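The next block holds one structure in the form of structure tokens; read it before the comments.
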Amino acid sequence: MNGQSGVTRLLDIAKFVKAHEVESPEMFRLRLLAEELTLRKPRSDFDAMESLDSSRDTILYPHQIHAAHFAISNPLLPGLLLADEVGLGKTIEAAMIIKEAVYRGARHVLVLASKSLRQQWAAELQERFALDFKVLDAGAVQALKRAGDDPYSGLRIATYHFANGHIGELSKTVWDLLVVDECHTLKNPQGALHQSVKRVPRRFTVLLTATPIQNYLPELHSIATLIDEQALGTSFSFRERYCGDQRGLVVKNLHELRERLNRFAIRTLRADVPEIKWTARHPKLLNFSLFEDERALYQGVSEYLSRPNWAFGDNAAGKYLIVLVYRKLLASSSFALMEALRKVLRRLEDMAAGRETKRLTVRELGPEAAAIAREIAEDASIDEEDSGGGGLMKSLEAEMEEVRGYVRLCESIQENAKGVCLV
């Protein structure tokens, strides 16, 4: 018992004792215990928080409990936007909501996340909240089917692109809860991913983002429509009411916009959470010069990338993507670049020997290249014409020897100037 309510209860008990002349200490103890248990009992089912008892190894902060309680305490709420700053535990907040939903009978929960975070989501839900989610990909779908399970229902985690490619199957299940991580990636209302997510039938939606908008207000409206088409009005009315300029960069009627957002959105800033002691960050700009072997590699590969055609592929769209990938690998380190060059060399050798004519995809260049490619254009590929003919073979052999030289140069480089400068 605490506060004024506890004092009031004690006074009531005292009056009861005096009025009924209860003399037995045991009776008094039992009545006192009953009153205490009554105070502990939630006022309604919507106040109960199963996740508080099922996450004892996790430190839960007040703002996280508030976010989860906000989601479950209003049965008419269609969804929630969690927009806390980075590091405040939006994943934990979403996991608490998922746990509450499952505790209350939810059987079908779909989490959409980036490919790099889907396994982390599964681990967090399992280790902290004892929730067994299956991560969906082509192999997992086949394994679930062989086991007699429906891959497109139950507790599932998938990438946005998997959902986009399997939206027909996913739409057959009415999901009790849909969680979309990094929902700002779906800010384009005409984009295929945005439209696919809207097609997923669900009873409640939780969106997570640390950056709901990047100085462009219509993005906020677009994200809000994933919860409710009319959460912020129509696109036209939103611009008329809240955009102070034609480009949507200036806000007007800010107080009214905040009030509307507060109905379905929570944004906690680091300054609002005194319980967490943040490590001071001091950004520094460090200048460095490439070592001679790094410079030779950089210049050589840069020249190679600038050519209009390559023997292993000259498709315009594919080349644009691979140039971006290689540029990022060059900016990363010679070690990151080496594996991708080895893949290209092996493909060129197979082509020269007549063993390979398949088109080379970015994902074949290694995990680092694949991760970069996903950032640029998920599942994009480098298309190329089948190789053949004497003239092409001559250029192929020359290109193969050139790439082999770059691979040898990569293998000879033992340290990078950037790494040395950082250390």
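Residues that are open to solvent by less than 30 Å² (accessible area, probe 1.4 Å) and either among the basic types (Lys, Arg) or at pLDDT below 90 (or both) within segment 119-131 comprise just one, 129. If you filter segment 142-160 down to residues that are aliphatic (A, V, I, L, M) and without any contact (Cβ under 8 Å) to a residue 12 or more places away in the chain, you find that the one that is surrounded by the fewest Cβ atoms within 10 Å (Cβ to Cβ) is 147. Within segment 157-193, the residues that satisfy the criterion of being under 21 Å from residue 94 (Cβ atoms), part of a loop (DSSP other than H, G, I, E, B) and not polar (S, T, N, Q) are 174, 176, 181, 182, 187.
Restricted to segment 198-238, and to residues there that are among the polar types (S, T, N, Q) and under 20 Å from residue 269 (Cβ atoms), the residue that is surrounded by the most Cβ atoms within 10 Å (Cβ to Cβ) is 209.
Residues that are of a type in the set (Val, Ile, Thr) and either assigned to a helix (DSSP H, G or I) or open to solvent by 70 Å² or more (accessible area, probe 1.4 Å) (or both) within segment 132-141 comprise just one, 141. Within segment 194-207, the set of residues being in contact with a strand residue (DSSP E or B) (Cβ under 9 Å, 6 or more places away or on another chain) and not in a loop (DSSP other than H, G, I, E, B) comprises 197, 202, 205, 206, 207.
Let's see how each residue does on (1) farther than 16 Å from residue 177 by Cα; (2) open to solvent by 20 Å² or more (accessible area, probe 1.4 Å):
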{"site": "64", "(1), (2)": "yes, no"}
{"site": "71", "(1), (2)": "no, no"}
{"site": "74", "(1), (2)": "no, yes"}
{"site": "83", "(1), (2)": "yes, no"}
{"site": "94", "(1), (2)": "no, no"}
{"site": "105", "(1), (2)": "no, yes"}
{"site": "117", "(1), (2)": "yes, yes"}
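Counting the residues of segment 257-304 that are loosely packed, with under 10 Cβ neighbours inside 10 Å and assigned to a helix (DSSP H, G or I) gives 2. Looking across segment 387-423 at every residue that is surrounded by fewer than 11 Cβ atoms within 10 Å (Cβ to Cβ) and not in a helix (DSSP H, G or I), the one that is modelled with the lowest pLDDT is identified as 389. Of all the criteria given as (1) assigned to a helix (DSSP H, G or I); (2) within 28 Å of residue 173 (Cα to Cα); (3) out of contact with any helix residue (DSSP H, G or I) (no Cβ under 7 Å at 6 or more places or on another chain), the one not satisfied by residue 227 is (1). Residue 265 passes every criterion in (1) closer than 30 Å to residue 200 by Cα; (2) in contact with a Ser or Thr (Cβ under 9 Å, 6 or more places away or on another chain) apart from (2).
Just to be sure, is residue 87 under 29 Å from residue 260 (Cβ atoms) and surrounded by fewer than 18 Cβ atoms within 10 Å (Cβ to Cβ)?
yes
Considering (1) outside any loop (DSSP other than H, G, I, E, B); (2) closer than 28 Å to residue 211 by Cα, the lone condition that residue 115 does not fulfil carries the number (1).
Looking at this structure, is residue 174 in contact with a Lys or Arg (Cβ under 6 Å, 6 or more places away or on another chain), under 24 Å from residue 101 (Cα atoms), surrounded by fewer than 20 Cβ atoms within 10 Å (Cβ to Cβ) and of a type outside the set (Asp, Glu)? Break it down into steps so the answer makes sense when it comes.
On the way: in contact with a Lys or Arg (Cβ under 6 Å, 6 or more places away or on another chain): no; under 24 Å from residue 101 (Cα atoms): yes; surrounded by fewer than 20 Cβ atoms within 10 Å (Cβ to Cβ): yes; of a type outside the set (Asp, Glu): yes.
Judged against the criteria, residue 174 is not a match.
Any residue that is out of contact with any Gly (no Cβ under 6 Å at 6 or more places or on another chain), modelled with pLDDT of 65 or more, surrounded by fewer than 19 Cβ atoms within 10 Å (Cβ to Cβ) and farther than 28 Å from residue 192 by Cα - is there at least one of those in segment 320-331? Yes; the residues of segment 320-331 include at least one that is out of contact with any Gly (no Cβ under 6 Å at 6 or more places or on another chain), modelled with pLDDT of 65 or more, surrounded by fewer than 19 Cβ atoms within 10 Å (Cβ to Cβ) and farther than 28 Å from residue 192 by Cα. Taking every residue in segment 123-134 that is closer than 16 Å to residue 106 by Cα and touching a residue at least 24 places away in the same chain (Cβ under 8 Å) and pairing it with any residue that is open to solvent by 10 Å² or more (accessible area, probe 1.4 Å) and β-branched (Val, Ile, Thr), at least 6 positions away or on another chain, the pairs with Cβ-Cβ distances below 8 Å are 131/102. When residue 192 is tested against the conditions (1) touching a helix residue (DSSP H, G or I) at 6+ places or on another chain (Cβ under 6 Å); (2) crowded, with 19+ Cβ neighbours inside 10 Å; (3) of a type in the set (Gly, Ala, Ser), the lone failure is (2).
The values are calculated or read from the model by the stated rules, or taken from the named source; none is laboratory data. Note that the structure is predicted; figures quoted are calculated from it, not measured. Every residue, glycine as well, gets a Cβ built from its backbone with ideal geometry; the counts of neighbours run over all protein chains shown. Calculation scope for accessible area: heavy atoms of the full protein, side chains included, ligands and nucleic acids excluded. Shrake-Rupley method; radii C 1.70, N 1.55, O 1.52, S 1.80 Å.
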